[in-house]
Amino acid sequence: MKLSSGAHRRAAVLGSPIAHSLSPALHLAAYAALGLDWSYDAIEVDEASLPDFLTSLDNTWAGLSLTRPLKEVVIPLLSAVDLVAQRVGAVNTVVPEPHGLRGYNTDVLGIVDSLRELQVHAPATATVLGAGATARSAIAALAELGASDISICSRRREPAESCVALAAEWNIPARWATFEPTMELIAAEVVISTLPGDVAAPWAQAVAHAEGALLDASYHPWPTPLAAAWPSSRVASGRDMLLWQAVEQVRLMTGMQPPVAAMSAAVPA
């Protein structure tokens, strides 16, 4: 459905903490380029207050972006969830529909497009640092790209085994690996860090001979210690991932072709 530029609608990103979010800049740039009289805010919402917030939505709302800690807890509050979000167990986009709220996961597409920009295609080996919601999205993205083998680096075995099981749904061999940095893990064709920059910092000591691509999902502050130490120029940040997942969010919320150039210009690298 194409929307009239004269119809005022609302959208927002929810999470806690939320003040640092770049989502308002991305979405507002898109609305301006599309000629839409829409607002987009960053709203502090935690797990306890999420149900009441969703109940309060009226027909002026076009959609919501979700970040930590809401991507998993929102699922039982929705009327429907798309297949990708169901598989990875994480929703980062909510769109009102006639029969309720539908959840989507655009993080997967954000990772796929970020890696394609780094010329990552069908990697034989991949290493994922972390085993949370973003790591599960990373596994789905690697499956989309045709990855052949994945190592999941996590201090805790249980979430890592959940990621291993998810990879098995696409018939991709995966394993729980040590959280200690090793040359073998860093030597993968692509490394995806889903950890906060300071948590991934010890891995910076092992990257001297890395030749593959790095997607570091952190973007504030940038560069992270891992990204700064990476010897190859094939590095993407959470800013790149955020841009591409927001592009899909704009498409879902507006029904219009997202203005990628205008959105990218709104959050310079």
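The values are calculated or read from the model by the stated rules, or taken from the named source; none is laboratory data. Model, not experiment: these values are computed from the prediction. Positions of Cβ are backbone-derived with ideal geometry, glycine not excepted, and every protein chain shown enters the neighbour counts.
Scoring A62 on the criteria (1) outside the structural domain of V250 (by TED's automatic domain parsing); (2) outside any loop (DSSP other than H, G, I, E, B); (3) among the small types (G, A, S) leaves a single failure, condition (1).
Each row is one residue, and each column tells you yes or no for (1) of a type in the set (S, T, Y); (2) exposed (fewer than 14 other Cβ atoms within 10 Å of the Cβ).
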residue: R157; (1), (2): no, yes
residue: C163; (1), (2): no, no
residue: T182; (1), (2): yes, no
residue: A204; (1), (2): no, no
residue: H209; (1), (2): no, yes
residue: D216; (1), (2): no, no
residue: T224; (1), (2): yes, no
residue: V235; (1), (2): no, no
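Exactly one residue out of I172, I152 is assigned to a strand (DSSP E or B), at pLDDT 95 or above and either under 17 Å from L109 (Cβ atoms) or in contact with a helix residue (DSSP H, G or I) (Cβ under 8 Å, 6 or more places away or on another chain) (or both), and it is I152.
Checking the stated criteria, L64 turns out not to satisfy the condition of being surrounded by fewer than 20 Cβ atoms within 10 Å (Cβ to Cβ) and either at pLDDT below 95 or under 19 Å from Q249 (Cα atoms) (or both). Only residues that are in a helix (DSSP H, G or I) and either farther than 25 Å from A167 by Cβ or in contact (Cβ under 8 Å) with a residue 24 or more places away in the chain (or both) were counted in region 77-118, giving 15.
Of everything in region 225-252, what is farther than 25 Å from S193 by Cα and in contact with a His (Cβ under 8 Å, 6 or more places away or on another chain)? Give them in sequence order.
Of all residues in region 225-252, those farther than 25 Å from S193 by Cα come to 250-252.
Once the filter is applied, which keeps residues that are farther than 25 Å from S193 by Cα and in contact with a His (Cβ under 8 Å, 6 or more places away or on another chain), region 225-252 yields only V250.
When the residues of region 22-38 are filtered to those that are among the small types (G, A, S) and within 22 Å of the chain's Cα centre (by Cα), the one that is surrounded by the most Cβ atoms within 10 Å (Cβ to Cβ) is A30. Which of the residues that make up region 50-59 are in a helix (DSSP H, G or I), surrounded by 13 or more Cβ atoms within 10 Å (Cβ to Cβ) and not aromatic (F, W, Y)? Hits for region 50-59 are L50, P51, L54. Restricted to region 214-269, and to residues there that are of a type in the set (S, T, Y) and part of a helix (DSSP H, G or I), the residue that is nearest to the chain's Cα centre (by Cα) is S264.
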